[in-house]
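**Student:** Before anything else, here's the structure in question.
The values are calculated or read from the model by the stated rules, or taken from the named source; none is laboratory data. Here the structure is a predicted model, which means the values were calculated and not measured. Please note: Cβ atoms are built from the backbone with ideal geometry, for glycine as well, and neighbour counts cover all protein chains shown. All accessible areas refer to the heavy atoms of the entire protein, side chains included, with ligands and DNA or RNA removed. Shrake-Rupley method; radii C 1.70, N 1.55, O 1.52, S 1.80 Å.
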Amino acid sequence: PFDGMNETGLAIGMAAVPSGNMKTDPQKQTIDELGVMREVLDHAGTVDEAIAILKSYNIDMGNVPLHYLVASRVGDSALIEFHKGKMAVLRNAEPWQVATNFLVTSVDERTAGQCRRYDIVSLGLEEVKGKLTIEEAMELLAQVSQDSPDDNADTQWSVVYDMTGSEVNIIL
């Protein structure tokens, strides 16, 4: 897995999305889509600091465009997406935030009905106001795990971060 959490309780995860390139700024250094995650984990302690790091680079998405979900121990989070040449930062409105392989900025205000997996996780979190045990969170992720004939579309891992306990729970 490429996702991670640092000593401050800041976590970053990524998911492949259908598109997501940014315009290149010649004043910025270019870094690959996974290398920028390492920069965030090494140098950010807050969601704002993580966003600043992501904004400071040209991110080369290679063959698989990504979006990032960054969250902190204090409950801040942001979904960072790259759409139509721009970086979009979507902050959490609730004590939780959802990201799947669905580019939220590709639709208008309404996300419901756009991605089955996104809807299942959103409704599951809404029902419990975002409060799940590690086991319940893993069960919710199991409900949206993908197993398809195309190996590239399979769920490769699921991870739940206990940011207050500094534990990473992963299933491969």
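**Student:** Near the amide H of L66, under 5 Å away, which other amide H atoms are found, from residues 5 or more places off or on another chain, if H is placed in the peptide plane?
**Tutor:** Amide H to amide H, under 5 Å and 5 or more residues apart or across chains, L66 pairs with V17.
**Student:** Okay, next question. What does the charge count around N63 come to, taking other residues whose C-beta lies under 12 Å from its C-beta (Lys +1, Arg +1, Asp -1, Glu -1)?
**Tutor:** Counting the neighbours of N63, the net charge comes to -3.
**Student:** Please name whichever of Q146, V160, L103 sits farthest to the positive end of the charge dipole of the chain, dipole taken about the Cα centre and charges placed at Cβ: Lys and Arg +1, Asp and Glu -1.
**Tutor:** L103
**Student:** Taking Cα extents along the principal axes in Å straight from the coordinates, which label in (1) 66, 36, 24; (2) 45, 36, 32; (3) 61, 56, 22 is the correct one?
**Tutor:** (2)
**Student:** Further, regarding this structure: Classify region 7-61: rounded, prolate or oblate, from the alpha-carbon gyration tensor (a ≥ b ≥ c, eigenvalue square roots; a/c under 1.5 rounded; otherwise prolate if a/b is larger than b/c)?
**Tutor:** oblate
**Student:** When the helix-only estimate is applied to the chain (DSSP H runs of n ≥ 4, each -39,500 (n - 2.57), divided by the residue count), what is the mean residue ellipticity at 222 nm, nearest 500 deg cm²/dmol?
**Tutor:** -7000 deg cm²/dmol
**Student:** Of all beta bridges DSSP finds with both residues in the chain, what is the antiparallel percent, to the nearest 5?
**Tutor:** So the antiparallel bridges amount to about 80 percent of the total.
**Student:** Could I ask something else about it? How much of the accessible area of region 1-69, probe 1.4 Å, is carbon plus sulfur, in whole percent?
**Tutor:** In region 1-69, the share of accessible area belonging to carbon and sulfur is 49 percent.
**Student:** Return the sequence-ordered ³J(HN,Hα) values of region 87-99 in whole Hz as given by the Karplus equation 6.51 cos²θ - 1.76 cosθ + 1.60 applied to θ = phi - 60°, using x for Gly and Pro.
**Tutor:** Going residue by residue, I get 8, 10, 10, 10, 7, 6, 9, 10, x, 9, 8, 10, 9 Hz, with x marking Gly and Pro.
**Student:** Further question on the same structure: Around T30, which amide H atoms from residues at least 5 apart in sequence, or from another chain, sit under 5 Å from its own amide H, with H modelled in the peptide plane?
**Tutor:** Placed amide hydrogens put N58 under 5 Å from T30.
**Student:** Continuing with the same structure: In this model, which of K23/K55; K28/K86; K86/K129 are farther than 23 Å apart at the alpha-carbon?
**Tutor:** K86/K129, as the Cα separations exceed 23 Å there.
**Student:** About the Cα centre of the chain, what is the dipole size in debye to 20, counting +1 per Lys and Arg Cβ and -1 per Asp and Glu Cβ, all else neutral? Write out the running numbers ahead of the final one.
**Tutor:** Values: 13 positive and 27 negative charges, 126 e Å.
I would put it at about 600 debye.
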